[in-house]
Every structure is written in C-alpha cells, then in structure tokens.
1. Using the Cα atoms of region 304-383 to build a convex hull, what is its mean projected area in square nanometres?
2. Here are some pairs, K84/K271; K18/K396; K84/K498; K85/K271; K204/K498; which of them have Cα atoms lying more than 27 Å apart in this structure?
3. Report the extension gain between S435 and R273 in nm, rounded to one decimal, defined as 0.36 nm multiplied by the number of residues separating them, less their alpha carbon distance.
4. Rounded, prolate or oblate for region 228-287? Axes are the square roots of the Cα gyration tensor eigenvalues, ordered a ≥ b ≥ c, and the cut-off for rounded is a/c under 1.5.
5. Just to check I understand the Karplus step: with θ = phi - 60° and J = 6.51 cos²θ - 1.76 cosθ + 1.60, what whole-Hz values come out for region 335-349, glycine and proline as x?
6. Let's test the formula: R0 of 35 Å, r as the Cβ-Cβ distance of I188 and Q140. What FRET efficiency results, to the nearest 0.05?
7. Pulled fully out, how much extra length does the chain show between L316 and L103, if you take 0.36 nm times their separation in residues and subtract their Cα-Cα distance?
8. Once both labels are modelled 7 Å past Cα along the beta-carbon direction, what's the S258-S241 spacing in nm?
Amino acid sequence: MENISNVGEQVLNNKNNKILVMAGLMIGIIFSELDETVVNTAMPTIIRDLGGLSMYGWVAGIYMLALSAFMPILGKLADLFSRKKVYFASMAFFIGGSIICGLSHSMIMLLIGRGIQGLGAGGLMPLAMTISSDLFPVEQRAKVQAFMGPVMFIPMLLGPLMGGFFVDQASWHWIFFVNIPVGLIAVIFLASGLKETHERKKVKIDWAGAVLLVAAIISLLITPVLVENEGYAWSSPFIISLLCVGVLLIGFFIWVESKVVEPIVPLHLFKNRNILVLSLLVFTVGCGLMGSFSSFPYFAQNVLGLTPTESGYLTLPMMIGAVATSIVSGFLLTKVRYRELFVISFIMPVIGFYLFSKLNINTTTLQVIIFFFITGLGLGVMFGGDNLIVQESVEKEHKGIALATVPLFQSIGATVGVSMFGTLLSSTLTSKLSSLGDELPKSMADNMNSLAAGGIPNGLTPELFIKIKVLFIESFQHIYTYAFVLTIISFVLCFFLKKEVLSSKPEEE
C-alpha cells in the first residue's frame, strides 16, 4: 500500500532549542518507565478493589506484549515519516491508555488500558534516543546519552514511594491520571523546541510485514506470560503449538521482508556485525539479569528477613554502580575502542553473578549490597553505550528502526527470563521442600506449592526453620548458577564487537 506524506528528512541543529527538546524527552522516558514501577507497588490494592486475582500477572504482561510488538513498527514509521509526529502519536496512545486505566472499574478495562499504554511506550524510548542522536554530533551525544541511561533508574527509585503515596493519600486511580499533565508538558516542550525540515516523497508502508511481526511477537511472548500466570507447562501441547506458530510467522515475516521495497525491519541490518552482536548481547543480559533478579525480593524477605520496602531498595547499589560507570563510559566511548570497553566492563557482572551463585546461610545483607554494586559497575557501559554504537553503525535513514529493534531483543529476553527463572525457582524449591518428607507438618506437606509460594512460615522449630532456610538458599544458588552461565555468554559476545572508536562522520562535522 502506498502513502504520500511529508517525511522528516533532517533535523536542523541550529534551529532547535536543545534544552527544551531534551527536557521533553527525559520527562517522557521517566514517566513511561515510572508507570510500570508505580503500578507494581499499587497492584495489591487494585486487585482488592477490582478483583480478578487470576489476572494479576497480565497487568504487566499485556503492557510488555504491546510494547514489544509495536516498538519496531513505530521505529520504522519514525524513519519514514516525521520523528516528531510519531513521538506525539506514541505519547497520545500512552496518555489515552492512562485515562482508560484511571477510569477502570473492572480488570478487563484495566487490561485494555494497559495494552494501549504499552503501545505508546513502545515508541517513547527508541524515539527519544533517535531524536537525541539527530541533535548532537557523536562526541557530544556520547556524553548526553551517558546521562540519559541512568535516567532509567529514577523510576526504580521513585516508583515504590509514589505508588505508596497515591494509594495511601489519594486513590490508585491517580497513578494513571498523573500521566496526563506530565505527558502534555513533555509534548509542549518537544513541540516548542524541535524543528524539522520536510521533503515530500512517496513512501510504501509494509502493512503485511507489520501484521506478521505483531502476530509473531505476540505468539512467542504470550507463552511465558501464560506459563507464569495461567499455570501452563512449557511442555503442554498448547504452549508448544503457540511457539510453533510464532516460529512459522517469523519465517513468513522474513520472506515478506525480503520482497518489499520498504520493509518494517530491513534484513540487511543483521548483516551489520554490531547490530547482530548487540541484539544477542541485550537478549542474554535481559534474560539473565532481569530474569534472575526479578525474584530477588522473595529471597530478601524470606532469607535476609527484610521488609518489602527494604527488599525493593536492595538493588539500589547496582544502580549506583551502573550510573557511575555509565557516565565514565560516555566520556571514553569516543576515545577508546568500544570492544575493549565492553569486554573489560563485563568482567564485573561475571564476578557479581559468581558471588550470587555462592550465596549461603552466612551471607549478610552488606555482602549482598557489595555483590549488587560489583554487578552494576559492569552494566553501566550498556546505558547509552549500546544505543550510541547502534546509531553510528547504520545509515541515518535506518536509525529509528535500528534503535527500536535492538531494545526489542532486550524486552523479549526479559520476558522470557522472568518466566523461565520464575518457573525454575518454583520447581527447584518445591522439589527440595518435598525432600523433607515427614519432617514437615501435615498441613504444610499437603500444600507444597503454597509453601513454596508463601515463603518460610512462622511457628517452626528452630531446627526445621534452619533446614527450610537452607533449601531456599540452595534454590537461589541454582538459578544464579544459570544466570552466571548467561553472563559468561554475554562476556564472550563482547569480543565480537568491532574494533572501532566512535567518531563523527563527515556529514556531522
């Protein structure tokens, strides 16, 4: 299908108010990410109000499905049309979804709103990186994006506080309504500060590719959501059928993309070594890091004896370490070869996950804080660094889709990882608790799954309490051993990046 539209070919740096543009982009990033952490905090209250406990996991699942499915499509549309207009459309979807969520009187209505929110969020983050790349030459961009990466940590810090405040002082509905004025402020800043030139030309939109991509991603990513929230086993015929359908759709999608004039995802992107390596790298990091750490609050509360709030902030040292190295790497990316920078940095997560795999009953909270800090020191290079390498590895007309495609692999990795590690932890812990046999009270032995899900119960004898605590620790050792292996794979992948130093291209100088 052919559309004739004005396409934003170039962003004129000398006509932009960079401060206003960056302020608008930062606000959009913070609040699209903040929404997720705030909602997680408020979910128990929302469930009590709306009911539908069985749909608990779908509130996050539907958001991630929509975000992942539409991220590459919105990135491609930003390449074909005005980045500014596509960003505004994404923000409109995010605000519209927020309104529906805020007005929700049932879980079905809430899920619809979350899906629309996810669609919008799928454009906000990659387009923020794309627009910022148009504003600055690469030397300045490295420093700017080194600071943009740590911005992602702000939602993690403020989310629990804001969620608790709105639930306690107002109503959970306001965690969604607050997005409306904030989103409008971001749009006003961007509209005032960003100027684009346009060249009228014919563009062909690959509608078939778009439909196939959305269907394939949903078919593949809905499987871990079903496993986690609906009790399906990975070996069940229904899950296997969905995975097979997803693989077939991906195959058909690749065939279609090889035939059309303007493919949604240009296949030649994956002939670029950096794009391929970074896609695999963020997938393994998303799977190993986000997947294994998603259950850490459970460990902190049951083994370390921390409160839910304390356990939620226990990962703060990892954020601090990542912020520090993110800023440093932003200055180094244009001075040293980025392959060496990634290789050296990823030694730290390898050490960190090795230490996590050796958790024992004598491990203290202070030691865990040190483990998180060491892990974070190595991950900071990815915040902004991977996006910057992507930007400089492709032609300008493909920046939008490239910056959306690589994060898509991270979203897929995280979605798969959370389910995979959650299932692994549950099965390992249930198996180990079953080995206690007659030592457990009959009421607990008859409800082994509830015991594993509910944590270490009260009223146990000191000896039995220690035994159960050791089994919990061994179960976490088990999952962190797998995460350690994935981290080693991530470390090895860094060696396949190109031996280059980022520098301005001739047209940027």
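1. Averaged projected hull area, Cα only: 5.4 nm².
2. Check vs 27 Å cut-off fails for K84/K271; K84/K498; K85/K271; K204/K498.
3. Computed gain between S435 and R273 is 53.5 nm.
4. oblate
5. Working through the residues one at a time gives 10, 10, 5, 5, 4, 5, 5, 5, 4, 5, 5, 6, 5, 5, x Hz.
6. Computed FRET efficiency for I188 and Q140 comes out at 0.90.
7. Extra length from L316 to L103 when fully extended: 73.4 nm.
8. 2.9
Coordinate-derived values only; no laboratory data. Keep in mind it's a predicted model, so treat the numbers as computed, not measured. Every residue, glycine as well, gets a Cβ built from its backbone with ideal geometry; the counts of neighbours run over all protein chains shown.
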